[in-house]
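Step one of this worksheet: look at the structure below.
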There are 2 protein chains.
Amino acid sequence: MILGIALTNNFGTHAATWRMPHVDPNAYTNIDVTVEHVRTAERGGLQFIFIADRLFLYGNLAEANPLFNMDPIITLAAVTQATKKIGLIATVSTTFTEPYLMARQLKALDVISRGRVGWNAIPSYEPDAFANFGKIPPPRENKYERLHESIQVIQSLWGSWGYDAGKPDQSGTYANSVHIRTINMHGKYVGARGPLPIPPSDQGQPVIVMPASSHYGLHAAAMYADVIIGMPSSIEESLALRKTILNTVSEAGRDPKEIKFIVFVGFTIGETKQKALDTRRALDVHTDLKMQLTRLCAYLGLKQELTQLDEPLDPIQLKSLRPHPYDQRSIEAVRLAKEGWSPREILSHAIFDPYPTVVGTAEQVADHLQEWFEADAADGFMMNFDDFHTEISNFVDQVVPILRNRGLFHEDYEGTTLRDHLGLSPHYGLDPRIAKTAKWPDL
Amino acid sequence: MILGIALTNNFGTHAATWRMPHVDPNAYTNIDVTVEHVRTAERGGLQFIFIADRLFLYGNLAEANPLFNMDPIITLAAVTQATKKIGLIATVSTTFTEPYLMARQLKALDVISRGRVGWNAIPSYEPDAFANFGKIPPPRENKYERLHESIQVIQSLWGSWGYDAGKPDQSGTYANSVHIRTINMHGKYVGARGPLPIPPSDQGQPVIVMPASSHYGLHAAAMYADVIIGMPSSIEESLALRKTILNTVSEAGRDPKEIKFIVFVGFTIGETKQKALDTRRALDVHTDLKMQLTRLCAYLGLKQELTQLDEPLDPIQLKSLRPHPYDQRSIEAVRLAKEGWSPREILSHAIFDPYPTVVGTAEQVADHLQEWFEADAADGFMMNFDDFHTEISNFVDQVVPILRNRGLFHEDYEGTTLRDHLGLSPHYGLDPRIAKTAKWPDL
């Protein structure tokens, strides 16, 4: 089972975490906090941490910290020197940076980390991001056209210093420069001559991670990704998504076995389920629940507004509950209401997190992971925590031992590179199967 | 006296250093070597290290390592976690990267390093660099037009999260978001809306370093630079350059006292002058000296080729020596020939290094620095070493104590930031004196 953490902003995924007394309110800019979180994850043998990104200010700063990291790639470069084994995945958009610079930064980072880097390759689409580059967004298809060109140029640049160039020989040549070649790729959006003067890293080149998004996005992921990330809300949805992905991968001429499928999940861990709910509730106290309450009404199928936050639903309300039969969140909300939880307590179950979240004991968290994993719904999990300061160590100290006892999680890192940790086969340069079908004037 | 090291490629400035038995031939990709060099410099209280850059493969890889670092900003981000005080200056070209991304990476690096970052802001002009971006170079003036726009956008983005936004208050607001503002700058080449979601670093924002180059370059440096770097070949040339710089700075409406002037210098240090010459000679053995020999002929004013490498010049040759009266290198070459040094030995004096180089004892190195410093030829020095593995510690252990005894160099760092080390006044955002004269539609 592959386990990683979405480490966004040093606080956690809940907007009120920065207010908690045990949290450093300046954690957003404090690299020591990042290092501590990543070291804890490494202590637990987790395969990777992942840093998402947006190219604009996200969030209301009067109320809460910026939701995203200051700069994923700079942060991870710093983290390389404070960790040894854990994989480091950075999100970098293909929309605004030239491939030569992205190829250089990502491969330098991979070399410096001794082969532990993954690149979450995404295009940008948000008008707010384009505004920060003095531009307006192009049509949807265009954005993927540039992504295709960028990834192919980047992978070709990565491969431009061939393995056959050898290692420096002090009594002979520094490199066999016949195997360090130009690429001469010039497309509609981007191009580069090369070569990129960086030899192979310990894993060759960075692992490619991509989200399973819309049609165009999925098609791109099927062509290039070593790891595909999804956000299904149930095992059934995950199995269906996985099937779509595997078909698309086959259509792209690749073997579905080459690819790892990772899904989002969230956890709040407590000694008892009640303690976990209390932890979540303590965060919700600092949150304006009005919008969530309106949303809860809709998911419960109630026509009248919920006015009582701390009382269970009354018999009339309970009678008029109408779950949406295909919506997991709605079914869950109705079930909790019938069990007698108050609206605030129902919200403490984190039913409106964008991914399935378990608010419960370490056993319950392990059960969730086991159930999904054994149903073949995923190869691994991208974990989200409300509060990194407490939940990463809770997971490592309480859940990891259970998973190991059940034979579901490795006892130690299999090797030294991210490719080793994920069980991926070697890969260097642009995949020749992809190169064959791509339309480049000089290929 | 300000002292820093130009740390290019982990080996040194001589192309044969990678062949020396005491050198790790894989140092180009080994971050531990970089860390060791920087830590040694920090042990000596040196104010900064500086990483130059070229956006293409530079050098003949059959013969020697790539001349430049894999990626300056990624390397320095890693170094932040292995050092505490020393300043970290990265070269980043304004020609290919969008200002929002440069502003973000440089300020994130400045925050993560706790205020130790400098940005060597240069445009690219080499056709080889443009080829790696699928482009051809524009006319010379254009390249500075984009540099002006980029620096102004970047400094404005740096200032967009104002000091008055305050620190997070757990019982109140995260930030006073009135003081986190858009910049809305849109020029001919680049633009950004902002804000950049990064608060002030310990020194506010990165120090700006710029070279004293041609007319356009000097004009730009006079407008933005905190530190200006020159490469004069003599004290007289340095005094003249300094005067030109100070006049240009005044014309730009700034106080020349705000600016530090740093000059390039090179050292090979030995217990005796002869031992230093032997060190240099041991490197030259691995070098094809043919071109240097031809050059030496020209500088000696000889009409016939020099064929003897290891014999002093014969009486006929000595009689026909003709130094170029205004060329420091030629005068020096003739002086050495007359002293009886062989051509190979004359070359061991490093007379063809692009900056003044002392091949000699720690005392002689200290004398050179003292002479230039006391003549007011510079505020400090950008030091180059043939071999970082040995020369950085030679300098720190042997020259620094002499400089301290003579009262020329500080006993310890004055503060924690690069701005502190360089004695620069505070500066945040775009200088209002520059903003006033700049032509931006929305300013």
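The values are calculated or read from the model by the stated rules, or taken from the named source; none is laboratory data. None of these values were measured; they are calculated from a predicted model. So basically every Cβ, Gly included, is an ideal-geometry build from the backbone, and we count neighbours across all protein chains shown.
Things to note:
- Among the residues of region A:152-166, the one identified as aromatic (Phe, Trp, Tyr), within 19 Å of residue B:64 (Cα to Cα) and crowded, with 19+ Cβ neighbours inside 10 Å is A:161.
- Residue check, residue A:280 crowded, with 20+ Cβ neighbours inside 10 Å, closer than 30 Å to residue A:363 by Cβ and outside the structural domain of residue A:430 (by TED's automatic domain parsing): yes
- For region B:24-46, a residue qualifies if it is aliphatic (A, V, I, L, M) and buried (at least 20 other Cβ atoms within 10 Å of the Cβ), and the qualifying residues are B:27, B:31, B:38, B:41, B:46.
- Failed item in (1) over 30 Å from residue B:376 (Cα atoms); (2) at pLDDT below 95; (3) surrounded by fewer than 18 Cβ atoms within 10 Å (Cβ to Cβ); (4) not acidic (Asp, Glu), with residue B:233 passing the rest: (1)
- If you go through region A:129-145 and keep only what is in contact with a Lys or Arg (Cβ under 8 Å, 6 or more places away or on another chain) and assigned to a helix (DSSP H, G or I), you end up with A:129, A:131, A:145.
- Filtered by the rule that a residue be at pLDDT 90 or above and acidic (Asp, Glu), region A:323-338 gives a lone residue, A:332.
- Residue in region A:104-123 that is at pLDDT 95 or above, over 30 Å from residue B:34 (Cα atoms) and within 12 Å of another protein chain (Cβ to nearest Cβ) present: no
- Residue satisfying all of: in region A:283-304; in contact (Cβ under 8 Å) with a residue 60 or more places away in the chain and of a type in the set (A, V, I, L, M, F, W, C); surrounded by the fewest Cβ atoms within 10 Å (Cβ to Cβ) among these: A:285
- Boolean, residue A:149 is buried (at least 16 other Cβ atoms within 10 Å of the Cβ), of a type in the set (Asp, Glu), more than 13 Å from chain B (Cβ to nearest Cβ) and without any contact (Cβ under 8 Å) to a residue 60 or more places away in the chain: no
- Candidates B:61, B:46: the one that is within 22 Å of residue A:99 (Cβ to Cβ) and either more than 8 Å from chain A (Cβ to nearest Cβ) or in contact with a helix residue (DSSP H, G or I) (Cβ under 6 Å, 6 or more places away or on another chain) (or both) is B:61.
- Meets criteria (more than 21 Å from residue B:6 (Cα to Cα), of a type outside the set (Phe, Trp, Tyr) and not in a loop (DSSP other than H, G, I, E, B)) for residue B:249: yes
Let's see how each residue does on (1) of a type in the set (Gly, Ala, Ser); (2) under 30 Å from residue B:172 (Cβ atoms); (3) assigned to a helix (DSSP H, G or I):
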{"site": "A:281", "(1), (2), (3)": "no, yes, yes"}
{"site": "A:313", "(1), (2), (3)": "no, no, no"}
{"site": "A:331", "(1), (2), (3)": "no, no, yes"}
{"site": "A:335", "(1), (2), (3)": "no, no, yes"}
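- Beta carbons closer than 6 Å, at least 6 apart along the sequence or on distinct chains, pair a first residue in region A:356-376 that is closer than 18 Å to residue A:13 by Cβ with a second that is crowded, with 21+ Cβ neighbours inside 10 Å and hydroxyl-bearing (Ser, Thr, Tyr) for A:359/A:268.
- Note on region A:206-234: among residues that are touching a strand residue (DSSP E or B) at 6+ places or on another chain (Cβ under 9 Å), in contact (Cβ under 8 Å) with a residue 24 or more places away in the chain and in a loop (DSSP other than H, G, I, E, B), the one that is farthest from residue A:86 (Cα to Cα) is A:232.
- Residue match in region B:422-439 (condition: among the acidic types (Asp, Glu) and within 21 Å of the chain's Cα centre (by Cα)): no
- Filter pass, residue B:169 being crowded, with 22+ Cβ neighbours inside 10 Å, acidic (Asp, Glu) and either within 8 Å of chain A (Cβ to nearest Cβ) or under 19 Å from the mean Cα position of the chain (by Cα) (or both): no
- Looking only at region A:190-236, residues that are among the polar types (S, T, N, Q) and more than 14 Å from chain B (Cβ to nearest Cβ) come to 4 in all.
- Sole exception among (1) at pLDDT 95 or above; (2) more than 14 Å from chain B (Cβ to nearest Cβ) for residue A:290, by number: (1)
- On inspection, residue B:136 does not qualify as crowded, with 22+ Cβ neighbours inside 10 Å and either hydrophobic (A, V, I, L, M, F, W, C) or more than 7 Å from every other protein chain (Cβ to nearest Cβ) (or both).
- Just one of the listed residues (A:108, A:121, A:90, A:103) is without any contact (Cβ under 8 Å) to a residue 60 or more places away in the chain and surrounded by 24 or more Cβ atoms within 10 Å (Cβ to Cβ), namely A:90.
- The residues in region B:78-101 that are over 25 Å from residue B:395 (Cα atoms), facing chain A (nearest Cβ under 7 Å) and of a type in the set (A, V, I, L, M) can be counted, and the count is 1.
- Index of the failed condition, residue B:395 passing every other in (1) out of contact with any helix residue (DSSP H, G or I) (no Cβ under 9 Å at 6 or more places or on another chain); (2) farther than 22 Å from residue B:110 by Cβ: (1)
- All positions within region B:9-31 that are more than 10 Å from chain A (Cβ to nearest Cβ) and out of contact with any helix residue (DSSP H, G or I) (no Cβ under 7 Å at 6 or more places or on another chain): B:13
- Selection of region B:172-186 for residues being more than 9 Å from chain A (Cβ to nearest Cβ) and crowded, with 17+ Cβ neighbours inside 10 Å yields only B:183.
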